[in-house]
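The values are calculated or read from the model by the stated rules, or taken from the named source; none is laboratory data. From a predicted model like this one, the values you see are computed outputs, not experimental measurements. Because the Cβ atoms are built from the backbone with ideal geometry, glycine has one as well, and the counts that use them run over all protein chains shown.
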Amino acid sequence: MIEARSLTKRYGTKTAVDGVTFTVRPGKVTGFLGPNGAGKSTTMRMIVGLDRPTEGLVTVNGRPYAEHRSPLLEVGALLDAKAVHIGRSAHSHLRALAATHSIPRTRVNEVIEMTGLASVANKRVGGFSLGMGQRLGIAAALLGDPQTLILDEPVNGLDPDGVLWVRQLARGLAAEGKTVLLSSHLMSEMALTADHIIVLGRGRIIADAPVAELVGSTTETLVRVRTPHVEHLQVALAAQGATVANNEPFLLDVTGTPIERIGELAASAGVVLHELRTITGSLEEAYLSLTRDDVEYQTDAAVGFDPRLIASSAPVTRTSQEEQR
């Protein structure tokens, strides 16, 4: 279990993490989300003792990381896959880590097999692809068979098979009763992997809830109806106070009326239905809604950039180009 209480980190006048309090519980995959600059990396570094909190406290399995006599047996972390001596082989790197905690060579071989590194275990890390480097970082995190696992962007650089493997690994470890904290910018993957979500924005927690609850409370649920009798059903729905959008032929998107009531209205009006289903919001929609006002580094699209402005701009002439040089 990971517990943070009023955790704060300042760098001069900059407050990177501002009084956050949360608990990451065993038996679940907890997603750790937030825009760039939200304080996620700083928080994870404080969890494993790489940064010292300015105020507050964070513990892992009941103690600050630095107080564990054998930290690799308590916490496995992947924060920077490149933090490896590039002249070493994967096997040598893991053997060196294992030696610090008297972890047997058999365990080194186990994590090499587990992470798909067997064919490159004796090759220098400097020649590894991004994906293979990620696998080595995960192997190091798993080395001590820890009760708590912290993975920052673990699927970065992995192919689809590798992404699926990480998803199954995280969920499998949680099913064993381990604590899994997973940070990623891939909302679609997080929706498939995480049970619970913590969202940071500008150093503060803006959401801490199960995935379904988070999505349900921040996105709109609609009922999609497909029928050749759009006009008849639209009149019946309007009489019930439903909000109806008709964006395509033979298709209605309805809000404000339960799916069961829509079916009853269609039946009483003699309307044939070809489709009737509920469409819920996505984790991505929920995340964007939550963080809309907390994005520190906004793109043009986020601030309402209009691409038509490009078309209306005067072309740059040869003379003006020369003047710019």
- Task: Test each condition in (1) crowded, with 21+ Cβ neighbours inside 10 Å; (2) of a type in the set (A, V, I, L, M, F, W, C); (3) under 21 Å from Thr43 (Cβ atoms); (4) modelled with pLDDT under 95 for Leu186 and report the one that comes out false.
- Result: (1)
- Message: Taking the conditions exactly as written (within 20 Å of Asp152 (Cβ to Cβ) and among the aliphatic types (A, V, I, L, M)), does Ala98 satisfy them or not?
- Response: no
- Query: Counting just the residues of region 246-283 that are more than 13 Å from Arg224 (Cα to Cα) and β-branched (Val, Ile, Thr), which one comes out surrounded by the fewest Cβ atoms within 10 Å (Cβ to Cβ)?
  - Reply: Val272
- Message: Within region 21-49, take every residue that is part of a strand (DSSP E or B) and more than 13 Å from the chain's Cα centre (by Cα) and give me the one that is nearest to Gln147 (Cα to Cα).
- Response: Val24
- When restricted to Val215, Val199, Val163, the only residue part of a strand (DSSP E or B), of a type in the set (A, V, I, L, M, F, W, C) and touching a helix residue (DSSP H, G or I) at 6+ places or on another chain (Cβ under 7 Å) is Val199
- Of (1) loosely packed, with under 15 Cβ neighbours inside 10 Å; (2) touching a helix residue (DSSP H, G or I) at 6+ places or on another chain (Cβ under 8 Å), Val235 fails just (2)
- Among all residue pairs at least 6 apart or on different chains, which show Cβ distances below 6 Å where the first residue, located in region 141-152, is of a type in the set (Ser, Thr, Tyr) and the second is assigned to a strand (DSSP E or B)? Thr148/Val60; Thr148/Val75; Thr148/Thr179
- Identify all residues within region 242-257 that are in contact with a strand residue (DSSP E or B) (Cβ under 8 Å, 6 or more places away or on another chain) and not in a strand (DSSP E or B); write none if there are none. Ala242, Phe250, Gly256, Thr257
- Task: Answer with yes or no whether Thr243 is of a type in the set (Ser, Thr, Tyr) and without any contact (Cβ under 8 Å) to a residue 24 or more places away in the chain.
- Result: yes
- Task: Please work out if Thr106 is crowded, with 17+ Cβ neighbours inside 10 Å, modelled with pLDDT of 95 or more and not aliphatic (A, V, I, L, M).
- Result: no
